[in-house]
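Engineer: Have a look at the structure that comes next, please.
Coordinate-derived values only; no laboratory data. As the structure is a prediction and not an experimental result, all values here were calculated from the model. Methodologically, a virtual Cβ is constructed for each residue, glycine included, from the backbone with ideal geometry; neighbour enumeration extends over all protein chains shown.
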Amino acid sequence: MKYRSAAITDIGKTRNENEDRFLRDDALGLFGVADGIGGLPGGGEAAECTVQSLVAAFQKDPAITDLVTLTQSVSARVQELGQAVNPPYGIGTTLTFGIFKNGQLKLAHVGDSRAYVLQKGDFLALTTDHNIENEARMMRARGEKVTITPENRNALTRCIGQPSVPEVDFQEFIVTKGDRYFFTTDGICRMISEQELSDILSGPESPADMLKLILDLAMKRGGHDNLTAVLVYIDEA
């Protein structure tokens with residue numbers, strides 16, 4: 001498999017610290033993003049611990065295939081760190097990452113960062129946000145009555161570092177030549193619509209130039225959060 005990749009991150013215009021981190025390791029085929037949970041001390045430490053733990057695990061054993069168990073073990077490590085960094089409440093982060101190998105993408109996801117693919121002209125969401133609004137939607141589909149407020153609809157229901165073992169969404173995809181895989185934190189996808197991202201990512205620019213276009217647009221619209229993204233072009237599956 002041959003691919004080109006780029007990553008970008010920025011503190012944005014309103015935050016005092018960049019608590020986002022990204023994964024970009026062409027040799028391992030490892031890509032993704034982590035967004036430290038705001039409102040608590042240690043978001044940056046949670047995201048940093050998460051990405052460093054994943055890189056170390058794949059460097060030790062590049063043949064890892066059980067991303068669910070791996071993600072849960074990383075969450076336990078972050079939870080331990082949280083006891084030292086912020087004992088009363090702990091620390092947490094989102095995590096959305098994939099490993100490209102043998103013509104496949106294995107994808108693991110916890111939280112509300114996102115992964116997309118632009119494939120044969122279609123822009124497809126590969127993840128679902130783990131928040132109260134989506135949990136309520138699924139409960140209503142089962143016939144349950146649920147009430148949520150505008151204030152809490154985006155609150156996370158799963159994260160890395162939580163005391164309990166997190167439920168991890170895991171999927172496998174066949175990778176095809178020409179695919180463009182986009183991993184992003186919510187600082188970008190809350191500022192730019194999926195249709196706009198599809199239009200931008202369909203352009204001829206390199207991965208690095210493409211990410212710069214996306215970042216500039218999000219900043220132009222306010223840059224209200226940290227902004228981080230990783231983009232992978234599949235040149236040969």
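Engineer: Would you mind checking which residues have amide H under 5 Å from Asp169's amide H? H placed 1.01 Å from N; only 5 or more apart, or other chain.
Structural biologist: So Asp169 has HN proximity to His109.
Engineer: What is the magnitude of the charge dipole of the chain about its Cα centre, with +1 placed on the Cβ of each Lys and Arg, -1 on the Cβ of each Asp and Glu, and no other charges, expressed in debye to the nearest 20?
Structural biologist: 220 debye
Engineer: Let me ask another. Quick one: Karplus J couplings for region 174-188, per residue in order, coefficients 6.51, -1.76, 1.60, θ = phi - 60°, nearest Hz, x for Gly and Pro?
Structural biologist: 7, 8, 10, 4, x, 4, 10, 9, 10, 10, 8, 8, 6, x, 8
Engineer: Among rounded, prolate and oblate, which fits the chain when a ≥ b ≥ c are the square roots of the eigenvalues of its C-alpha gyration tensor, a/c under 1.5 means rounded, and a/b larger than b/c means prolate?
Structural biologist: Taking the square roots of the gyration eigenvalues as a ≥ b ≥ c, the chain is rounded.
Engineer: Further question: By the gyration tensor of its Cα atoms, with a ≥ b ≥ c the square roots of the eigenvalues, what is the shape of region 1-84: rounded for a/c under 1.5, prolate for a/b over b/c, or oblate?
Structural biologist: oblate
Engineer: Then there's this: Whose amide H sits under 5 Å from the amide H of Gln104, counting only residues 5 or more places off or on another chain, with H placed in the peptide plane?
Structural biologist: Val175
Engineer: How much FRET efficiency would the formula 1/(1 + (r/R0)^6) give for Lys212 and Lys177, where r is the Cβ-Cβ distance and R0 is 22 Å, rounded to 0.05?
Structural biologist: After rounding, the FRET efficiency stands at 0.35.
Engineer: What is the Cα centroid distance between region 1-49 and region 72-127, reported in whole angstrom?
Structural biologist: Using only Cα atoms, the two centres lie 10 Å from each other.
Engineer: Taking the simple approach of a point 7 Å from Cα along Cα-to-Cβ for both Asn102 and Val165, what is their distance in nm?
Structural biologist: Each label point is offset 7 Å from its Cα along the Cβ direction, giving 2.5 nm.
Engineer: Go through region 15-22 residue by residue and turn each phi into a ³J(HN,Hα) via Karplus (6.51, -1.76, 1.60, θ = phi - 60°); whole Hz please, and just put x for glycine and proline.
Structural biologist: Rounded to whole hertz, the list is 8, 8, 8, 8, 9, 7, 9, 10.
Engineer: Another question about this same structure. Which residues does the label zone of Ala57 cover in region 96-129, counting backbone N under 15 Å from a point 7 Å along Cα→Cβ?
Structural biologist: Those under the cut-off are 96-100, 106-111.
Engineer: Still on this structure: Kindly provide the helix-only [θ] at 222 nm of the chain, computed as the sum of -39,500 (n - 2.57) over DSSP H runs of four or more divided by all residues, to the nearest 500 deg cm²/dmol? Present the calculation step by step, with values, prior to reporting the outcome.
Structural biologist: Numbers: 6 runs with 73 residues, N = 237.
Mean residue ellipticity at 222 nm (helix-derived): -9500 deg cm²/dmol.
Engineer: Using amide H atoms built 1.01 Å from N in the peptide plane, name the residues 5+ places from Thr93, or on other chains, whose amide H lies under 5 Å from its own.
Structural biologist: Result for Thr93 returns Ile37, Ile160.
Engineer: Which whole-Hz ³J(HN,Hα) couplings does region 221-232 yield from phi under the Karplus relation 6.51 cos²θ - 1.76 cosθ + 1.60, θ = phi - 60°, glycine and proline marked x?
Structural biologist: Running phi through 6.51 cos²θ - 1.76 cosθ + 1.60 with θ = phi - 60° gives 8, x, x, 6, 9, 4, 10, 9, 8, 10, 10, 10 Hz.
Engineer: Let me ask you something else. Among rounded, prolate and oblate, which fits region 154-201 when a ≥ b ≥ c are the square roots of the eigenvalues of its C-alpha gyration tensor, a/c under 1.5 means rounded, and a/b larger than b/c means prolate?
Structural biologist: oblate
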